[in-house]
Structures are given as C-alpha cells and as structure tokens.
Amino acid sequence: MKTYPVWLSALGLILVPSLSAQGFSGSDDFSNISSGLWSSTSTGSAALQVASGVLNFTDGSIDVGTTNNASYTWVANEGTPTSDWHVQVDFSSNFTPVPGHVGLWELMVAKSDSPGDRFTVAQQWTYMLATMSESAALQAYTHVDGSQASFDSVAGTSNTATLRIDFLAATQTMVASYVNGFTVTPFHSVDIDSGSTNWNMVTGDTFTVTLQAWNSTNASSTMPLFEGAFTADNFFAATGSAVPEPATAALLSGLGVFVLALQRRRR
C-alpha cells in the first residue's frame, strides 16, 4: 500500500476543521479501483485504467493526424466558489515519442454546468520537430465558453511533474503551480470573476475536477502506449486554507523532521 509524504498527511490533518459536506475533499493513490469516485470517457482506442498502483493511459498505434483522449472526472464531491480549495496530482510520461508525437496530461477544473468554462494545468511530453528532440513543458490555460482566454508555459525539467490548482475564494482566482517537495511554484493565475476570463459564476455554481490525457501525432505513426507508459498518481483534493501560512509550513517541516528521526530510531 502506498503512503503519502508525512507533510501531506499532516496538512490533511490541519485542514480537517475546514472541511465540510460541500467542497472538494478526498484522495486516490490508485492502489485499486475506487468505485463511486470517478466517471470515465474516451475516444478511439484510448482508455484510462487502474493497474500496478497507478492510473494508466493506454492507446493503440495511431496514424498521422490522429488524436485520441480519455478522461477521469471526480464525482465524489464538487468544489465551491465560496471556499479556498486545491487539487493536485502526479503525472509521468514514460514513453519515447516519435517525431511530431505529443502526449498531454491535464489536471482540469471546470464550471460544473458549463464545461466550456475551465482552467487547466498540463504536462506536455513531445518530440519537437523544430529541435528534433524530446521536450517537456508545463502549461496552464483558461477557456471561457469553449474558447481559450489565457495561456502560459514554462519549460519542464523532466518527464514527470506534480501539478496543482489552487482556488482563492476572496479574489475568485485560479492559480496553476508545479510542486517540488515543500516548494509550490505558481506560474499562471486568472481572475474568473472579471475581464476576459469571467465565468459569470452565480450562487449555487460548483466546480468539477478532471484528469485527462491526450495522444496525438502530426508527422509519424506511433507505437501503442501500454500500461506504465503514461500515468497519473496520488490525486489529492482539499477544501480549506489553500496555501499554509508560514507558521504552519514551519510546523509541517518540524513535524516531518521529527517523524523521520523517529522512523530511523525504530529501524
């Protein structure tokens, strides 16, 4: 059975008083199939399946100009626009792309009754024709009524990434970040209550969260994507204070050191 890092478990304990019957909460480490937590859709030969302790995106060989995708939507609960919350997941791309081949993992939050309004943070793994080499990128973008209203991208450092979306209720702001240990690095944010990214939220509106994978090629036919080639793991959702205050972060750090020392002593 997989376990979460000590700091993440401690954070969950700290956020418990803030959780309510309404709002994102829960997790899935994909150790087994969790009925009632997700609904799934797919196109072509693409599929998402839980196996070997991860969520696997699989697909058959595809020809030039083909795009297949599959998605998992969290149905256990929904986020609200009146509370801070965050969702997070680990993505990994363990395949060798052919020229023009693009693999894309998305962590996406959408307005529940209007999926054309959505905010996405993504990991792209591709074989770039311009440089004739493999490349990783982290992207974030907003759609309003199905049209892209914002976009940002930073270079990835590997074919793995822990991605996160925070919602700050006081300012109605979505924030896309990548995570490395204790460090949460935001790289794109939008106000969904004004300007070109306005979702026109009203009382009673909620958010859904979806994991979505894409397999596409525009220059060469691909080999199939088998189990373990394109995976997601350690999904986590919580309602409450989205970003720990400095004092809380220090507490978590201290707690982590204490537990690590205790574990070493037991060994």
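Rundown of residues vs (1) surrounded by fewer than 19 Cβ atoms within 10 Å (Cβ to Cβ); (2) more than 18 Å from the chain's Cα centre (by Cα); (3) modelled with pLDDT under 95, yes/no style:
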{"site": "SER40", "(1), (2), (3)": "yes, no, no"}
{"site": "ALA51", "(1), (2), (3)": "yes, yes, no"}
{"site": "SER61", "(1), (2), (3)": "yes, yes, no"}
{"site": "HIS86", "(1), (2), (3)": "no, no, no"}
{"site": "PHE91", "(1), (2), (3)": "no, no, no"}
{"site": "LEU104", "(1), (2), (3)": "no, no, no"}
{"site": "LYS111", "(1), (2), (3)": "no, no, no"}
{"site": "ASP117", "(1), (2), (3)": "no, no, no"}
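Where residues in segment 151-188 are more than 17 Å from ALA137 (Cα to Cα) and among the small types (Gly, Ala, Ser), which of them is surrounded by the fewest Cβ atoms within 10 Å (Cβ to Cβ)? So the residue we want is ALA170.
The set of residues in segment 71-122 that are in a strand (DSSP E or B), touching a residue at least 60 places away in the same chain (Cβ under 8 Å), of a type in the set (S, T, N, Q) and under 22 Å from ASP59 (Cβ atoms) comprises SER71, THR73, SER92, SER93.
Can you confirm whether segment 221-243 contains a residue that is buried (at least 19 other Cβ atoms within 10 Å of the Cβ), modelled with pLDDT under 95 and either under 24 Å from ALA76 (Cβ atoms) or out of contact with any Pro (no Cβ under 9 Å at 6 or more places or on another chain) (or both)? Looking for residues that are buried (at least 19 other Cβ atoms within 10 Å of the Cβ), modelled with pLDDT under 95 and either under 24 Å from ALA76 (Cβ atoms) or out of contact with any Pro (no Cβ under 9 Å at 6 or more places or on another chain) (or both), one finds at least one in segment 221-243, hence yes.
Evaluation of THR157 against the conditions (1) polar (S, T, N, Q); (2) over 13 Å from VAL121 (Cα atoms); (3) modelled with pLDDT of 95 or more shows that the sole unmet condition is (3).
Residues of segment 189-199 that are surrounded by fewer than 15 Cβ atoms within 10 Å (Cβ to Cβ) and touching a residue at least 24 places away in the same chain (Cβ under 8 Å): SER196 alone.
One line per residue, one yes/no per condition, for (1) closer than 20 Å to ALA219 by Cβ; (2) of a type in the set (Gly, Ala, Ser):
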{"site": "GLY26", "(1), (2)": "no, yes"}
{"site": "ASN32", "(1), (2)": "no, no"}
{"site": "TRP38", "(1), (2)": "no, no"}
{"site": "SER45", "(1), (2)": "yes, yes"}
{"site": "GLN49", "(1), (2)": "no, no"}
{"site": "ASN56", "(1), (2)": "no, no"}
{"site": "ASP59", "(1), (2)": "yes, no"}
{"site": "ALA70", "(1), (2)": "no, yes"}
{"site": "TRP74", "(1), (2)": "no, no"}
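The residue that is farthest from SER112 (Cα to Cα), counting only those in segment 127-150 that are among the hydroxyl-bearing types (Ser, Thr, Tyr) and modelled with pLDDT of 95 or more, is SER150.
Inside segment 130-153, can you point out the residues that are assigned to a loop (DSSP other than H, G, I, E, B) and either in contact with a Leu (Cβ under 8 Å, 6 or more places away or on another chain) or touching a residue at least 24 places away in the same chain (Cβ under 8 Å) (or both)?
MET132, ASP145, GLY146
Among the conditions (1) touching a helix residue (DSSP H, G or I) at 6+ places or on another chain (Cβ under 8 Å); (2) surrounded by fewer than 16 Cβ atoms within 10 Å (Cβ to Cβ), the only one that THR142 does not satisfy is (2).
The values are calculated or read from the model by the stated rules, or taken from the named source; none is laboratory data. Everything numeric here is computed off the predicted structure, so don't read it as measured data. Methodologically, a virtual Cβ is constructed for each residue, glycine included, from the backbone with ideal geometry; neighbour enumeration extends over all protein chains shown.
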